[in-house]
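Right, one structure below, let's go through it.
The values are calculated or read from the model by the stated rules, or taken from the named source; none is laboratory data. Please read these numbers as outputs of a predicted model, since none were measured by experiment. Backbone-built Cβ (ideal geometry, glycine too); neighbour counts: all protein chains shown. Note: accessible area is taken over every heavy atom of the protein model, side chains too, but ligands, DNA and RNA are not part of it. Shrake-Rupley method; radii C 1.70, N 1.55, O 1.52, S 1.80 Å.
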Amino acid sequence: MNFDQLGLIEPILRALQEEGYSKPTPIQAEAIPSILQGSDIIGCAQTGTGKTAAFALPILQRLHTHGRPTPRRSCRTLVLSPTRELASQIRESFKTYGRYLPFTSTSIFGGVPIGRQIRDIGKGFDIIVATPGRLLDLINQRALTLEAVEILVLDEADQMLDMGFIHDIRKIVGMI
């Protein structure tokens, strides 16, 4: 099997080819078609098996297929991540796979000045990758709303739960 057999669009296939991706991993082959159909999924796989691409590729395609304007002070896709490092990596993956698509993305996490994040969020993003704590800080300051979120990803959900984010995740999910 190869990526074009999964029904991905040409701009994504071109980016994958440039990255040297030839065949989907098992989690990608299972997850991509389901997500393209709009199904909710839970995916478990070892580190390094391409889990990020398994959700990022079909999300990019769904955003493209169901084109809507970028919402101000919100996003269309929200990816929650337990750490700033992972949030940055996930955003870079979206940028890499979506390089031929016109989507905007940002990563939001603590440990950096919040003022710039507040200014940037005003214009809205198609994709926000965030840690739960900083996301809630921005929501509490009314700099961000989740009313336009169409797609939610909990990446490394087990790690977020182990780190004590259960209440934050429940609050966030309740707002969507």
ask   = So which trypsin sites (Lys or Arg not before Pro) in the stretch 92-124 end up in coil per DSSP with only 12 or fewer other C-beta atoms within 10 Å?
value = LYS123
query = Got a sec? Charge dipole of the stretch 21-176, +1 on Cβ for Lys and Arg, -1 for Asp and Glu; which of HIS167, ALA87, THR70 is way out at the positive end?
reply = THR70
message = Can you tell me which of ASP155, ASP126, ASP40 moves the most in a GNM of the chain? Springs connect C-alpha atoms under 10 Å apart.
response = ASP40
query = For the chain, modelled as a GNM with alpha-carbon contacts under 10 angstrom, which of LEU80, LEU60, LEU138 fluctuates the most?
reply = LEU138
task = Pick out, in residue order, every one of the GluC sites (Glu not before Pro) in the stretch 100-162 that is DSSP loop and has at most 14 other C-beta atoms within 10 Å; say none if there are none.
result = GLU147
key: Amide hydrogen neighbours beyond the local backbone of THR104, cut-off 5 Å, H modeled   = ASP126, ILE127
query = Using a simple charge model, +1 on the beta-carbon of Lys and Arg, -1 on the beta-carbon of Asp and Glu, nothing else, what dipole does the chain show about its Cα centre, in debye to the nearest 20?
reply = 720 debye
message = Residues of the stretch 157-175 with backbone nitrogen within less than 18 Å of a virtual label 7 Å along the Cα-to-Cβ line of ILE41, please, listed as ranges.
response = 157-158
query = What are the lysines whose alpha-carbon lies under 29 Å from the alpha-carbon of LYS23, with same-chain residues fewer than 8 places away excluded?
reply = LYS51, LYS95
message = For a quick check of your reading of the filter: which chymotrypsin sites (Phe, Trp or Tyr not before Pro) in the stretch 77-120 sit in a DSSP loop and have no more than 16 other Cβ atoms within 10 Å?
response = TYR100
inquiry  = Let me spell out the model: positive unit charges on the Cβ of Lys and Arg, negative unit charges on the Cβ of Asp and Glu, origin at the Cα centre of the stretch 11-92. What dipole size does that give, in debye rounded to 20?
reply    = 420 debye
inquiry  = Below 13 angstrom from the Cβ of GLN37, what's the summed charge of the other residues (Lys, Arg +1; Asp, Glu -1)?
reply    = -1
task = Could you look at the chain and say what percent of its accessible area is carbon and sulfur, using a 1.4 Å probe and all protein chains?
result = 48 percent
message = Just the number please: accessible area per residue for the stretch 27-176, 1.4 Å probe, all protein chains included, in Å².
response = 50 Å²
query = With contacts defined as alpha carbon pairs under 8 Å and 6 or more residues apart, what's the relative contact order of the stretch 75-176 in percent?
reply = 41 percent
task = For the stretch 84-176, give the magnitude of the charge dipole about the Cα centre (Cβ charges: +1 Lys/Arg, -1 Asp/Glu; no others), in debye to the nearest 20.
result = 440 debye
note = Taking the chain and counting helices only, DSSP H stretches of n ≥ 4 at -39,500 (n - 2.57) each over all residues, the nearest-500 ellipticity at 222 nm comes to -14000 deg cm²/dmol
